[in-house]
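Quick notes on the structure that follows.
Taken together, the values in this text are just the output of simple stated rules run on the coordinates, not laboratory data. Quick caveat: nothing in here was measured; it's all calculated off a predicted structure. Heads up, the Cβs are rebuilt from the backbone with ideal geometry, glycines too, and the neighbour counts pull from every protein chain shown.
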Amino acid sequence: MTDIDEPTNFIQQIINDDLEAGRVTNIVTRFPPEPNGFLHIGHAKSICLNFGLANQYKGKCNLRFDDTNPEKEDQAYVDAIIKDVRWLGYDWVGEPCYASNYFDQLYLWAITLVNDNKAYVCELDSQAMRELRGTLTQAGTNSPFRERPAAESLALLESMRVGEIAEGAMTLRAKIDMSSANINLRDPVLYRIKKMAHQRTGDKWNIYPSYDFAHGQEDAIEGVSHSICTLEFAANRPLYDWFTANLPLPSIPHQYEFGRLKLNYTITSKRKLKQLVDDKHVSGWDDPRMPTISGLRRRGVSARSIRNFCDSLAVAKTDGIVDVAQFEHFIRDDLNSNAARAMCVLKPLLVTLSNYSEQEYAQIDVKNHPNRDDMGTRTLTFGDQFYIDQSDFSEDVSLSRKKFKRLVIGDYVRLRGAFIVRADDVVKNTADEIVEVIASLVPDTVGKDAPEGIKARGVIHWVDACSAVDCTVNLYDRLFNQADPDRGEQHFLDHLNPDSLTVVNGCKAEASLAGSIAGDHYQFEREGYFTRDIDQIENVIFNCTIGLRDNWKA
């Protein structure tokens, strides 16, 4: 029946029971985004769940765009969503599906409901409709147009379709129950007038179906066996079931809800993410500070770490907040195992060797990963001048070795993968700032223990001055400085972290990084994990994916 003997969540249990009882024979799921924004980390959980279930049960998962609102949709969003889903490692059979593929059939089903006295054209405006809808504790009031004859509603519906009725003047509503305890069943709108072109159907339609009317019927057309939604759609399920019970559908799908992913220090409302973009608080949907999949990709987060994170989350019937540190754990764990090592000095300080012999020491081979021989080696040039980080040097000779395991005047330190050196003197500018360190090299110490009587304080990273690549490094912190930026009296924008981006110019990277490409992952020794930015490919810019450890102070 299935490769899963012991289900790990309630949806797998439902699927197993359905297969065992013969209610379904083929598992078909779908991921149905609205193309009105870019996908975010919350969508990733749904993607992994829907495509993952289809793979586990040897079924299929459709990528379907619920493109029922041309006012907010754009082909750029469609293209971005397709790219994101494929980047995460998933694919689908044939072309993506679209709600717009089914507009003709949905319209015919709307006519069926009118003919069956289960839908009517209503002339209430949106405000009057809200007033008559009632509240959670008070029943709604029937529209004065509720008993309109079917023939009259059909004629008006056709006039709406061909563009003869003004926007906002009429809607098509289902005739269900204005006294229902579930407000979604109080004669919901099926069609509204929008006189605008659709990105796929052009000017053919002047009316567009509501999401609730289209969604379940799309599932039925595609033969979806298990329509899996996030928990906020639980109240819509009775309406979903009403449509499937009152229309001559080719199949009867069923909706199931699970708790959505919510990370602290993060916003996942597409409307609010769009506001961040439109108001230029970020550089775009793919800004590396954004929780969008494209932003995470540009930041250097791997698809594998996102899948591993999503697979670790409970698929439950309740919502819950996940600590962003849990996500960061999976990012670090993946990059620690798979990112090549390299060296980059963010705040360079020049070191000149007084006893360097070019003939003897010119090339040093180092491993690209300390624990993975399959990642090979690279050759570093070593000359009489190199850069270390300013924070790795001190004139204070009183600093203990335990407190400061770096370079101090008169003491030794090992350069990563290279020689032991000793600091002998400094050169200062007119402002009394150190601009150069004069040092001496301890010969024959590459890959070897220090000679007797010499003990290095620690190991620091370095970059050869002659072959160094000039670069810029973007350091990122969390976009919001509050754990729940969307809660409380303050506006979520009031919780933006002013230090979420620090641009460090004048960095020096090892020569091998000149050929790096976006999507390659590197651990810059002692700094963190980085990837080449895609925005200005003519310049060498690296985005910090994540630090080596969590330094966030709550």
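Things worth noting here:
- Sites listed here are trypsin sites (Lys or Arg not before Pro) in region 25-75 whose DSSP assignment is loop and whose Cβ has at most 11 other Cβ atoms within 10 Å: Lys58.
- Of the trypsin sites (Lys or Arg not before Pro) in region 241-334, those whose Cβ has at most 15 other Cβ within 10 Å and which sit in DSSP loop: Lys280, Lys317
- Amide proton proximity set for Val426, modelled H, under 5 Å, gap of 5+: Ile438
- Put the Cα centre of region 64-83 next to the Cα centre of region 385-449 and the gap is 56 Å.
- Residue order, fewest to most surrounding Cβ atoms within 10 angstrom, among Glu147, Glu328, Glu34: Glu147, Glu34, Glu328
- Summarising the amide proton neighbourhood of Leu190: residues at separation of 5 or more, or on other chains, whose placed amide H is nearer than 5 Å comprise Leu172, Arg173, Ala174.
- Cα-based reach from Lys195 at 22 Å (exclusive), listing lysines while leaving out same-chain residues under 8 positions away: Lys72, Lys204
- A viscosity of 1.567 mPa s and a temperature of 4 °C, combined with the Kirkwood radius over C-alpha pairs in the Stokes-Einstein formula, give region 232-378 a diffusion coefficient of 63 µm²/s.
- Cα convex hull of region 1-118 - mean projected area over all directions, nm²: 9.7 nm²
- In the chain, Cα pairs under 8 Å separated by at least six residues give a relative contact order of 12 percent.
- Distant-in-sequence amide contacts of Lys262, defined by a placed amide H-H separation under 5 Å and a gap of 5 or more residues or a different chain, comprise Gly320, Val322.
- The Rg/Rh ratio of region 344-461, with Rg taken over Cα atoms and Rh as the Kirkwood radius over Cα pairs, comes to 0.97.
- DSSP-assigned coil residues among trypsin sites (Lys or Arg not before Pro) in region 141-210, each with at most 16 further Cβ atoms within 10 Å: Arg146, Lys195, Lys204
- From the coordinates shown, Cα extents along the principal axes in Å corresponds to which of (i) 82, 50, 47; (ii) 83, 63, 53; (iii) 101, 56, 42: (iii)
- Cα centroid separation - region 223-246 against region 279-308, whole Å: 31 Å
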